[in-house]
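Below: one structure, written as structure tokens.
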């Protein structure tokens, strides 16, 4: 194996490890929350911030993390993000007070906001448009699905076996491995200085404050109603800050987000689809967990294991997508993935009954829905970078990841309200099942809208540059590493 191929495999190893790590930490703490509450003395209101602090900093800083990768180099941002994430995880596993754990989770979110865009960027810079990049995007999607599913399983097993601190400390060896792999990639620490890049400070402050307030307002709806003065003022301030961000970005020479990027139809379509997909996916994952534990009576570890078919479906969908994307094109493949995902959610909605079974209520809809989600990752990643210059790949990645994170937070908060309304005052299995079913129906509707967006905004087969034939597209996956490795900065 030549040096370029070896370096490229290490780059892919880093990308997959980072994606797995970020997805893992979005779900691994959920099962451990009751133990955290009992051990550290959290109040009911304070406990939600173990999840909320991570979501707040992660969602608020994603755009900044993506742009920093463009300006100072992916290697620097990757190393700093891993170091911060690992240190925060170590401290979080040793803390003795609720405030310290919340602070550690917030620091993890900052690290994740640096890592997620860089992982996506490294794929676009390292692999040429064609089968090599498509397979890399497929593996990237699999790693995220595996991290999310494994997080639920590991959270239950680790908490039962070693206590809640283990769900924080488990990140440390993963970070150490990622740092070692990064050192083996051959990525340089330099960047292109020809354009004298400068960070858009005003834009960074506005978008970080705006998205943070947006996530904050949504996360707090569990204790502050949507119509409360606090929620209205918080979300109103978020809208004003984001509107100011859009105005500023149209006037500065080197913006954090070039507004014209959203004028590229595939980029716009991919980000809208990502927003809708994550809104439906995150909420469905949440309600499925509650349905299994509160209606079917599953233990935490059994609930985690029951999510493994979802992971299998995503892997299968991603593998199939690599084989058919050149034939179907990104628009048709994304529409097909969205349709199957919506169908799986419809099945969930129908099968969410008090006397449901694993095979009918969980296994069947999980496999169908996850197959559709797996089919979506490759065309989604391709569309999000279509027409984007190498100098703006971090920007495009930060935008896509921001839409995903914000969509997940918004979708979950809205659908929790939908489920609570449908449940009413009832707390028995039948009432809970009715609430979860109502939420699933809305989730399926969101993905149906995503299908329409894909059909209207994405190019057909003739406009899929990422799968067009080229001399590079004939390379096998192992050799899908070119001189871009040396400029993946």
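Starting from segment 71-85, take each residue that is part of a loop (DSSP other than H, G, I, E, B) and list its partners that are buried (at least 19 other Cβ atoms within 10 Å of the Cβ) and at pLDDT 95 or above, counting only C-beta distances under 9 angstrom and pairs at least six apart or across chains.
Every condition considered, no pair remains.
Going through 342, 383 one at a time, which residue ends up being under 20 Å from the mean Cα position of the chain (by Cα) and at pLDDT 95 or above?
Within the list 342, 383, the selection yields 342.
Scan segment 202-216 and give yes if some residue there is free of Cβ contacts under 8 Å to residues at least 12 places away in the same chain, outside any helix (DSSP H, G or I) and surrounded by fewer than 20 Cβ atoms within 10 Å (Cβ to Cβ), otherwise no. Walk me through how you get there before you give the answer.
Step one: filter segment 202-216 for residues free of Cβ contacts under 8 Å to residues at least 12 places away in the same chain, giving 205.
Checking which are outside any helix (DSSP H, G or I) leaves us with none.
No - not one qualifying residue is present in segment 202-216.
Please verify whether residue 24 is in contact (Cβ under 8 Å) with a residue 12 or more places away in the chain, in a helix (DSSP H, G or I) and either in contact with a strand residue (DSSP E or B) (Cβ under 8 Å, 6 or more places away or on another chain) or crowded, with 24+ Cβ neighbours inside 10 Å (or both), treating the condition exactly as stated.
yes
Quick one: how many residues across segment 229-252 are surrounded by 14 or more Cβ atoms within 10 Å (Cβ to Cβ) and outside any helix (DSSP H, G or I)?
1
Given the criterion out of contact with any strand residue (DSSP E or B) (no Cβ under 9 Å at 6 or more places or on another chain), assigned to a helix (DSSP H, G or I) and at pLDDT 90 or above, identify the matching residue among 369, 356.
369
Scan segment 256-268 and tell me whether some residue there is surrounded by 16 or more Cβ atoms within 10 Å (Cβ to Cβ), free of Cβ contacts under 8 Å to residues at least 24 places away in the same chain and assigned to a helix (DSSP H, G or I).
no
Exactly one of (1) buried (at least 19 other Cβ atoms within 10 Å of the Cβ); (2) more than 25 Å from residue 299 (Cα to Cα); (3) within 19 Å of the chain's Cα centre (by Cα) is unmet by residue 52. Its number?
(2)
Answer yes if at least one residue in segment 442-462 is modelled with pLDDT under 75, surrounded by fewer than 20 Cβ atoms within 10 Å (Cβ to Cβ) and in a helix (DSSP H, G or I), and no otherwise.
Looking through segment 442-462, at least one residue is modelled with pLDDT under 75, surrounded by fewer than 20 Cβ atoms within 10 Å (Cβ to Cβ) and in a helix (DSSP H, G or I).
Of all residues being surrounded by fewer than 17 Cβ atoms within 10 Å (Cβ to Cβ) and without any contact (Cβ under 8 Å) to a residue 60 or more places away in the chain in segment 346-369, which is nearest to residue 149 (Cα to Cα)? Just the residue, please.
363
Given the condition assigned to a helix (DSSP H, G or I), modelled with pLDDT of 90 or more and touching a helix residue (DSSP H, G or I) at 6+ places or on another chain (Cβ under 8 Å), answer yes or no: does some residue in segment 407-422 qualify?
Yes, the conditions are met somewhere in segment 407-422.
Check every one of the helices (runs of 4 or more DSSP H) wholly within segment 92-190 and list those with 1 or more residues that are buried (at least 24 other Cβ atoms within 10 Å of the Cβ) and at pLDDT 85 or above.
By residue number, 98-126, 165-169, 171-184.
Residues in segment 292-301 that are touching a residue at least 12 places away in the same chain (Cβ under 8 Å) and part of a helix (DSSP H, G or I): how many?
5
Among the candidates 362, 350, single out the residue that is part of a helix (DSSP H, G or I) and out of contact with any helix residue (DSSP H, G or I) (no Cβ under 7 Å at 6 or more places or on another chain).
Within the list 362, 350, the selection yields 350.
The values are calculated or read from the model by the stated rules, or taken from the named source; none is laboratory data. Remember, it's a predicted structure, so these values are computed and weren't measured experimentally. Glycine gets a Cβ as well: all are built from the backbone with ideal geometry, and neighbour counts include every protein chain shown.
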